1. Could you please let me know if residue B:518 is in a helix (DSSP H, G or I) and buried (at least 24 other Cβ atoms within 10 Å of the Cβ)?
2. If you go through region B:518-550 one residue at a time, how many are more than 17 Å from residue B:462 (Cα to Cα) and touching a helix residue (DSSP H, G or I) at 6+ places or on another chain (Cβ under 6 Å)?
3. Taking region A:164-173, which residues are over 15 Å from residue B:493 (Cα atoms) and within 14 Å of chain B (Cβ to nearest Cβ)?
4. Do the conditions hold for residue A:120, that is, is it assigned to a helix (DSSP H, G or I), assigned by the TED database to the domain that holds residue A:262 and crowded, with 17+ Cβ neighbours inside 10 Å?
5. Out of (1) under 43 Å from the mean Cα position of the chain (by Cα); (2) surrounded by 24 or more Cβ atoms within 10 Å (Cβ to Cβ), the odd one out for residue B:466 is which?
6. Could you please give the count of residues in region A:234-270 that are within 30 Å of residue B:383 (Cβ to Cβ), β-branched (Val, Ile, Thr) and open to solvent by 10 Å² or more (accessible area, probe 1.4 Å)?
7. Check residue A:268 against each of (1) in a helix (DSSP H, G or I); (2) touching a Gly at 6+ places or on another chain (Cβ under 9 Å); (3) within 12 Å of chain B (Cβ to nearest Cβ) and name the one condition it does not meet.
8. Does any residue of region B:485-496 turn out to be of a type outside the set (A, V, I, L, M, F, W, C), in a loop (DSSP other than H, G, I, E, B) and open to solvent by 10 Å² or more (accessible area, probe 1.4 Å)?
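The values are calculated or read from the model by the stated rules, or taken from the named source; none is laboratory data. From a predicted model like this one, the values you see are computed outputs, not experimental measurements. Quick reminder, even Gly has a Cβ in these numbers, built from the backbone with ideal geometry, and neighbours come from all protein chains shown. To get the accessible areas, we keep the full protein, side chains included, count just its heavy atoms, and leave off ligands, DNA and RNA. Shrake-Rupley method; radii C 1.70, N 1.55, O 1.52, S 1.80 Å.
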Amino acid sequence: MRLKLVPDETSIDFFSRTKLWLGISAVLIVVALTSFFLQGLNYGIDFRGGTTIRTESAEPVDVGAYRDAMQGLELGDVVISEVFDPSFGPDENVAMVRIAPQDDVEAVSQETIAAVEAALQEVAPDIRFTSVSSVGPKVSSELIQTAVIAVLLAIGAVLVYIWLRFEWQFAVGAVVALVHDVALTIGIFSELQIRFDLAIIAALLTIVGYSLNDTVVVFDRVRENLIKYKKRPLKEVLNISINETLSRTLMTSLTTLLALISLLVLGGDVIRGFVFAMTWGVIIGTYSSIFVASAMLYRLGVKRDWSKPDNPTGNQFADVDA
Amino acid sequence: MLQIDLWKRVMIWAAVAAGIALAAPNLFYNRVEQHNDAVAAIERQGSTDELREQASGWPDFLPSGLVNLGLDLRGGAHLLAEVRVQDVYAARLESLWPQIRDALRPLRDEIGTIRLQNSPPDVLRIAISDPSGQGAALQAVRDLAQPVSSTTALPQGGAQNIEVSGADGVITVTLSEAERAATDERTLQQALEIIRRRIDEVGTREPTIQRQGAQRILIQVPGIGSAQELKEIIGTTAQLTFQPVVNRGTDPDADPGVGEEILPSLDEEGLYYTLERSPVVTGEQLVDAQPTFDQNSRPAVNFRFNTQGARAFGDYTAANIGSPFAIVLDDEVISAPVIQSHIPGGSGIITGDFSIEESTNLAVLLRAGALPAGLDFLEERTIGPELGADSIEAGRIATLVAFALVLVFMVLCYGLFGIFANIALILNIGLLFGLLSLIGATLTLPGIAGIVLTVGMAVDANVLVFERIREELKTARGPARAIERGYEKALSAIVDANITTIITAIILFAMGSGPVRGFAITLGFGICTSVFTAVFVTRLLIVTWFERRRPKTITV
């Protein structure tokens, strides 16, 4: 007995309401961007500079007491938050203390950190500092720049690759889908105020890669079917292609999600934000490869005659043999 | 139909076996690590029974490469330092002054007296009393200019190392743009080398010391207690000089003469020395420094100069018996003994108020050499070993659970073919670890996430093929044909889909740093191994099974 995610033959019509799908996506993007511009991201120290100290103690964390202890130090903006994770034992009480960058220096003052640690030790004598990070404002502004360049570069490279392997309409479809995925991911980070640090950029790029992976598989089939069914209207060819690949699309998304969800639940709080971004990205990436990338392709139209020799052909790699 | 040549089969299995063999040491991480450390220690300092025993914990003939654990998994310290390259400009100019003086002396008749003026550190100003001789003086100084010698940059149209200009009887000398660039380059190289030596002296495992960009150095040392400790090891410049003493006093703000400076005493508070700026000898001329004890059994540091330094030191002591000279470390006077006699041998002892630890550290610092310039720390991170251990544990459990879920799911969906895919998936992880060990890659926490993601995505290529085989079975030209066509047709999708992911992995690797880079590596290699196992290994498994059983029909 086989588990089947999708019946053997499906003929779901994905393209009768492309305007609706694209409209929903457009609205979501607008919502995401509005949130981003109004509320902004909760940047970690990688991007805004400053210091974070991770503490661990056997006694429960008393955020108020911690804050009072640090009151006298005049550190400016201090954020203290307790961290929860199912993997923590009863004597593991973890908190994160974030201190805004001190205006005086590029180099981070070790005295400040020592003073904070001493103050916290007053409150909780057994407290340990399991990690301490400081980033100077100079580096953090560069990190933002590099991150933005990395994401743009990735999207650009992909645009070129797909353009070379397929046609420009495919490339535009794929890239619109990517922008959609990246925008919605940034949107949810801004809406939920999840800390946005360097690792999230890595997650964004992975989402770009994953979403593309999905899109390309669908496009590959579209290309094949465009040759196979020369006379059928584009909408029908697209529908056939998506239905044929639907089982694979869902299988792969599901196995990836299985892996990611176990990491999300069991992987510890240090990388939770990172894994959350990827999980979210896989879900919207799967959605966008059908409802954004292919819908765009449908709206743009595509060249139908693939028999000319100057076109890149679908079985360029097919004679590789094991 | 469904033929795979014998040699190809052998190659595939050989590749898999090699990968697994390379990955195997990671299963015995602690034992292999101990073995490797012991072997390295034996090589460095000779063999002892204890070391031999530790080394025998893992047989020598087996591969012993391991995946390095990143800072976030092992704990340790991370620093990003910017080298203050401008520091060196002043020293370069100062060293030019004696030459310029010597070049101008013969022209006294024309230019009158020569005097060094106070100036910002990156400029040298020389006043001459007779402005009408300015042209000649300029010419003489310009003649001293040399072509920039650079190790990396191409000679930039024969650029000169200094720029000389004159106005109203004042000659201004600055370093040229090209010389600055070349100096920066040398400073960076030197700083890198010295930081590396200092960290090696302390003897920690697998430190990363990398240049980043034009002026920065990234330092990661696993196992060290804190960033502060690391800073103490590398942050001290340990600039040692021996300078003639002009005067001593208690006023730090007294006006020093031109070419002189006022420095505080290290031990005696409130005591300041006025010293001549240009040193007799510097720490660069040291060949050795060892911790020792002075005649009163107090910790001290013994040092020896190279021939050049020994001669300069010998000549100076011979000529200045009875006058004090200062031993200066990082702009503080350690001591200022009076020269009792001519010291010809080029060795000596530094005494001061040291503890044993301080004298040992000072000796290490002197031996490793002085940092050519100061460092600014732009980024510091300390990760405690417990947090690292927790992260590894969480990562391990999550990976195992993810693995189990995917394995079960694949069997549920594809039956026997799912088992083939699962074997390939397990081999895939083995190969991935083998590759990572082979290149000595660093595994970070996001790197573990990369592996988990690979587990999820690795089945994708198999899924593509299996789905395709299902479709081909519908057109019913026999199972063998379906399998063959399934592979053929799925290939272009597999290749396109994975190349796009590889592109993003490469960009991540190029732009990212630290943990992110670790993620890019596991993701990139994971894609390579998963394509290999899906396209070659699973296929070989299926073909082998098919040949044995010759089923009339198959269900995927």
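1. On the way: in a helix (DSSP H, G or I): yes; buried (at least 24 other Cβ atoms within 10 Å of the Cβ): yes.
It is true that residue B:518 is in a helix (DSSP H, G or I) and buried (at least 24 other Cβ atoms within 10 Å of the Cβ).
2. 7
3. Step one: of region A:164-173, the residues over 15 Å from residue B:493 (Cα atoms) are A:167-169, A:171-173.
Correct list: A:167, A:171, A:173.
4. The answer is no for residue A:120.
5. If we test residue B:466 against (1) under 43 Å from the mean Cα position of the chain (by Cα); (2) surrounded by 24 or more Cβ atoms within 10 Å (Cβ to Cβ), just (1) comes out false.
6. The number of residues fulfilling the criteria is 3.
7. (1)
8. no
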